[in-house]
Structures are given as C-alpha cells and as structure tokens.
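The values are calculated or read from the model by the stated rules, or taken from the named source; none is laboratory data. Not measured: the values here are computed from a predicted model. We place every Cβ from the backbone using ideal geometry, glycine too, and count neighbours over all the protein chains shown.
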Amino acid sequence: MSIAPETLPVKEIHLANPRGFCAGVDRAIEMVELALKKWGAPIYVRHEIVHNKHVVYNLRKKGAVFVEELEECPVDRPVIFSAHGVPKFVPEEAKKRQMLFIDATCPLVTKVHNEIRRYYDKGYKIIMIGHRGHPETIGTMGQLPEGEVLLVENKEDVEKINPLKYPKLAYVTQTTLSVDDTKDIALALNKKFPSIENPKKEDICYATTNRQEEVKRLVKLVDLMLVVGSENSSNSQRLVDVAKDGGCSDAYLIEDYKRIDWGKVALANSIGITSGASAPDHLVKEVIFSIQEKFDTSLVYDTKKKETIEFKVPPVLR
C-alpha cells in the first residue's frame with residue numbers, strides 16, 4: 001500500500017445517492033436481529049445473510065452462526081435462509097426435520113422464483129441470465145428440477161442454445177446484474193428466439209438499477225471511483241464494471257477505509273464514492289473521514305433522490 005503524499009490535495013468528493021443498504025438487505029439483517037431477541041443465541045443462518053464481511057462479523061458477535069448447509073444446523077434451534085434465496089429442497093428438508101425456519105429471501109428474488117414456476121407450469125423451458133455459482137442463481141435455478149433451467153452468462157452462451165430443442169422459451173434474470181450487460185443478452189435472446197417470453201416486469205431490482213444509474217452520472221464528474229463493498233457482493237462488483245464502462249478507468253472495489261490506495265487518491269482531483277446494496281453506510285463515512293484526514297476536501301452532494309421502498313418482516317418476528 002503506497003503512502004499518501006501531501007502535495008496534491010483532493011478537491012472534491014462526490015457522494016453517490018442512493019447508495020448502500022436496499023430494502024431487502026435491511027429486512028434480512030433485521031430478521032436475524034429480531035430472531036436473536038426472540039429466541040436468544042445461537043441463531044443459525046444458512047449462507048451469509050448478505051454479502052458483506054462487516055455485517056456478518058457484527059451479527060456473529062451477537063450470536064448468529066453462519067453455515068453453508070442445513071445439515072450443519074441442530075434441529076432444536078431456529079435457522080434463517082439468506083436474502084439471496086435457497087433451492088426448493090432446503091425448506092423441504094427443514095420441514096422433514098421439523099425445524100423452525102425463517103426465510104429472509106428478498107421479496108424481489110421471490111418474485112423471480114414465482115415467475116419461473118409459473119413458466120414451468122405452462123410448459124416453458126426457462127433460461128436464466130445470471131452468474132454461475134452465485135447463491136441467488138443457485139437458489140432460483142433450484143426452484144425447478146435439475147436441468148429445467150438453462151444458465152446464460154453472456155451472449156456467447158445464447159449462441160450455443162439449439163432453437164429446435166425448445167419450442168417454448170421464457171427467460172428471467174438474477175436481480176443484481178449490470179443493467180446494460182443484461183439488456184444486451186436479452187436482445188440477443190429475443191433476436192435468436194423471436195417468440196421468447198420476456199419477464200412481465202424488469203427482474204433487476206430497483207436498488208441495483210438506481211445505484212448503477214447514479215454511478216453512470218458520477219463518472220462524468222470524477223477522476224477516481226471508489227465502491228465500498230465486499231468482493232463476493234455481485235451488485236458491488238457490477239458498480240465497478242459500470243464505472244469502467246462509463247469511462248472511469250480508475251474504479252475500485254474496497255472493503256473499507258483500510259483498503260484505500262493512497263497513491264490513487266493523491267493523483268485524483270475529484271473522487272466519486274458509492275457503496276453496494278449490502279454495505280453499511282458507516283463504512284462509507286469512515287472512507288470519507290480517512291480522506292479528509294489527509295487532504296483538503298469539499299464534499300459534494302449532487303442528488304437528493306430517496307428510496308422509499310420497505311419490506312416487512314414475517315409475522316412470526318413482529
């Protein structure tokens with residue numbers, strides 16, 4: 001890590017708005033905290049509740065135990081399923097074991113789960129635009145029997161699909177993808193399969209879309225873009241991609257203020273700062289404070305856009 005020279009002060013910090021927690025993340029974290037209050041520790045959580053190391057660490061300190069598979073959970077303690085969603089066999093297995101389980105799947109992910117079941121019941125073969133191995137993709141594809149959902153990660157994958165094998169096709173998407181990349185893949189699908197069923201409403205969630213639009217706006221104003229978020233956070237990674245695609249070659253994902261490259265900061269006259277939908281806002285404030293400690297800065301709030309969507313926790317936790 002390079003040491004910050006004191007010769008070139010940063011003139012402006014442009015703070016993205018909206019940024020950080022979305023309604024689905026807020027709800028999932030609240031569900032773990034309410035479960036701990038109601039039933040005490042330990043509460044088991046299948047997979048990271050959201051993809052952020054700081055969130056997971058803080059919940060672990062309060063008594064949450066994070067596991068990868070249901071079989072790691074004792075039957076006499078509550079288990080929560082992560083915001084990314086789980087394959088259908090997971091709640092079925094929890095019922096068989098007579099476990100108390102709470103599903104923290106984001107309602108916007110549940111909407112996609114419901115979509116593919118509807119398509120499947122009508123005899124469609126379903127294509128999912130998503131990232132292989134991501135928990136949300138695994139959970140969505142796992143709503144149907146194995147082999148019933150085809151995964152498409154890029155336009156090249158579209159070319160490999162044989163039109164003659166699938167007379168009735170529909171597609172859905174992972175909710176945290178790049179809006180522009182997904183649009184290109186969707187166009188390729190519609191070009192190759194003119195009768196393909198498109199989602200009734202955009203699958204990519206409002207928060208992902210809003211944060212990407214804000215980054216597109218900010219990159220026109222800044223030399224350096226810092227995205228606060230964890231490496232395994234798909235929506236955070238996409239914000240870096242969007243910044244680079246928008247012409248800001250100096251765009252980086254940082255876990256927190258400890259990961260700031262001070263050499264890059266010193267060379268920039270204007271910095272954009274945003275955060276992924278699973279990153280707590282105190283991490284952004286710590287990044288800003290760290291820069292202000294070393295450089296003469298002015299903080300610019302360009303937008304006042306507010307997100308008003310809220311998702312309620314299940315009745316069992318209220």
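Taking the residues in segment 220-239 that are touching a Cys at 6+ places or on another chain (Cβ under 8 Å) and more than 20 Å from His282 (Cα to Cα) as candidates, determine which candidate is surrounded by the fewest Cβ atoms within 10 Å (Cβ to Cβ).
Just the residues of segment 220-239 that are touching a Cys at 6+ places or on another chain (Cβ under 8 Å), to begin with: 222-225.
From what's left, more than 20 Å from His282 (Cα to Cα): 222-224.
Working: Val222: 23, Asp223: 19, Leu224: 24.
So the residue we want is Asp223.
Show me the strands (runs of 3 or more DSSP E) entirely contained within segment 79-151 in which 2 or more residues are within 13 Å of Thr173 (Cβ to Cβ) and out of contact with any Pro (no Cβ under 6 Å at 6 or more places or on another chain). Can you show your working first?
Details: elements: 79-81, 101-103, 125-129.
Hits in segment 79-151: 125-129.
So how many residues does segment 40-63 have that are in contact with a Leu (Cβ under 7 Å, 6 or more places away or on another chain) and among the hydrophobic types (A, V, I, L, M, F, W, C)? Don't jump to the end; show me each part of the working.
So in segment 40-63, the residues in contact with a Leu (Cβ under 7 Å, 6 or more places away or on another chain) come out as 43, 46, 49, 54, 62-63.
Okay, now just the ones that are also among the hydrophobic types (A, V, I, L, M, F, W, C), so 43, 49.
Here the count works out to 2.
Which members of segment 277-299 meet the condition of being of a type in the set (Val, Ile, Thr) and either under 17 Å from Asp26 (Cα atoms) or within 26 Å of the chain's Cα centre (by Cα) (or both)? Spell out the reasoning first.
Going residue by residue through segment 277-299, those that are of a type in the set (Val, Ile, Thr) are 284, 287-288, 291, 297.
Scanning segment 277-299 gives Val284, Val287, Ile288.
Has segment 240-253 got any residue that is in contact with a Ser or Thr (Cβ under 7 Å, 6 or more places away or on another chain) and either more than 28 Å from His134 (Cα to Cα) or at pLDDT below 95 (or both)? Please lay out each step first, then the result.
Taking segment 240-253 as the starting set, the residues that turn out to be in contact with a Ser or Thr (Cβ under 7 Å, 6 or more places away or on another chain) are 241-242, 253.
Those still in the list that are either more than 28 Å from His134 (Cα to Cα) or at pLDDT below 95 (or both) too: none.
Within segment 240-253 (the criterion being in contact with a Ser or Thr (Cβ under 7 Å, 6 or more places away or on another chain) and either more than 28 Å from His134 (Cα to Cα) or at pLDDT below 95 (or both)), the answer is no, since none of the residues qualifies.
Can you name the number of the only condition in (1) closer than 30 Å to Ile254 by Cβ; (2) surrounded by 20 or more Cβ atoms within 10 Å (Cβ to Cβ) that Val79 fails?
Result: Val79 fails condition (1) only.
Filter segment 165-204 down to the residues that are of a type in the set (A, V, I, L, M, F, W, C) and part of a strand (DSSP E or B), then identify the one that is nearest to Tyr119 (Cα to Cα). Steps first, answer last, please.
The initial filter retains those residues of segment 165-204 that are of a type in the set (A, V, I, L, M, F, W, C), namely 169-170, 172, 177, 179, 185-189, 193, 196, 204.
When the remaining residues are screened for being part of a strand (DSSP E or B), the result is 169-170, 172.
Values: Leu169: 9, Ala170: 7, Val172: 10 Å.
Going through the qualifying residues, I end up with Ala170.
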